[in-house]
Amino acid sequence: MRRALFLFVALVCAAPARAEVRIEASSGGEATSFLTYFELLRRSGERVVIDGPCFSACTLVLDIVPLSRICVTPRAVLGFHAAKLIDQMGEEFPAPRATRIVADAYPAPIRHWIERHGGLTSRPIFLSGRELDAMYPLCR
């Protein structure tokens, strides 16, 4: 997984700069890989278009890329849940400290929406449609 992400990031960095990056379907993954990638995006100045599911670690884009460079389409759906640790055997464990850090880093409108929907738990919650459009501009 890390090698594949490294190769992807290397290709993105080697390619000529584009005006935007589209997120069309991301189920998430290991958070540190997403943090590294989104930091590169932040530095690139590229716009991020959320044009489909952006779940789990993918939502960290909201923490790193400025609001002014994120837009959503009618297909955008953000999925949030509590952080978890996975050991070498594949067993999952709650990560309350990481959950607090991530929740506190989201922009205020996202934090408030999460709080109104029961907070970050093991059960995913989804933000889309008018509620999402009220927080992020529609892409043109």
key: Unmet criterion (only one of (1) over 16 Å from residue 128 (Cα atoms); (2) in contact with a strand residue (DSSP E or B) (Cβ under 9 Å, 6 or more places away or on another chain)) for residue 55   = (1)
request  = Go through (1) touching a strand residue (DSSP E or B) at 6+ places or on another chain (Cβ under 7 Å); (2) surrounded by fewer than 17 Cβ atoms within 10 Å (Cβ to Cβ); (3) at pLDDT 95 or above and name the single condition residue 92 misses.
outcome  = (3)
query = Quick one: in the stretch 74-89, which of the residues that are under 13 Å from residue 51 (Cα atoms) and of a type in the set (A, V, I, L, M, F, W, C) is surrounded by the fewest Cβ atoms within 10 Å (Cβ to Cβ)?
reply = 77
task = Please go through the stretch 19-34 and pick out each residue that is under 16 Å from residue 70 (Cβ atoms), not small (Gly, Ala, Ser) and not in a loop (DSSP other than H, G, I, E, B).
result = 20, 21, 22, 23, 34
key: Residue within the stretch 62-85 that is at pLDDT 90 or above and over 26 Å from residue 109 (Cβ atoms) present   = yes
ask   = Among all residue pairs at least 6 apart or on different chains, which show Cβ distances below 8 Å where the first residue, located in the stretch 123-136, is more than 19 Å from residue 26 (Cβ to Cβ) and surrounded by fewer than 18 Cβ atoms within 10 Å (Cβ to Cβ) and the second is modelled with pLDDT of 95 or more and among the β-branched types (Val, Ile, Thr)?
value = 133/72
ask   = Based on what the data block shows, is residue 38 over 26 Å from residue 138 (Cβ atoms), among the aromatic types (Phe, Trp, Tyr) and touching an Asp or Glu at 6+ places or on another chain (Cβ under 8 Å)?
value = no
query = Given the structure, is residue 58 in contact (Cβ under 8 Å) with a residue 60 or more places away in the chain and either loosely packed, with under 15 Cβ neighbours inside 10 Å or not β-branched (Val, Ile, Thr) (or both)?
reply = no
query = Which of the residues that make up the stretch 62-89 are out of contact with any strand residue (DSSP E or B) (no Cβ under 6 Å at 6 or more places or on another chain), free of Cβ contacts under 8 Å to residues at least 24 places away in the same chain and not hydroxyl-bearing (Ser, Thr, Tyr)?
reply = 87, 88, 89
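The values are calculated or read from the model by the stated rules, or taken from the named source; none is laboratory data. Values in this document were obtained by computation on a predicted structure and should not be read as measured data. Note: ideal-geometry Cβ built from the backbone for every residue, glycine included; neighbour counts use all protein chains shown.
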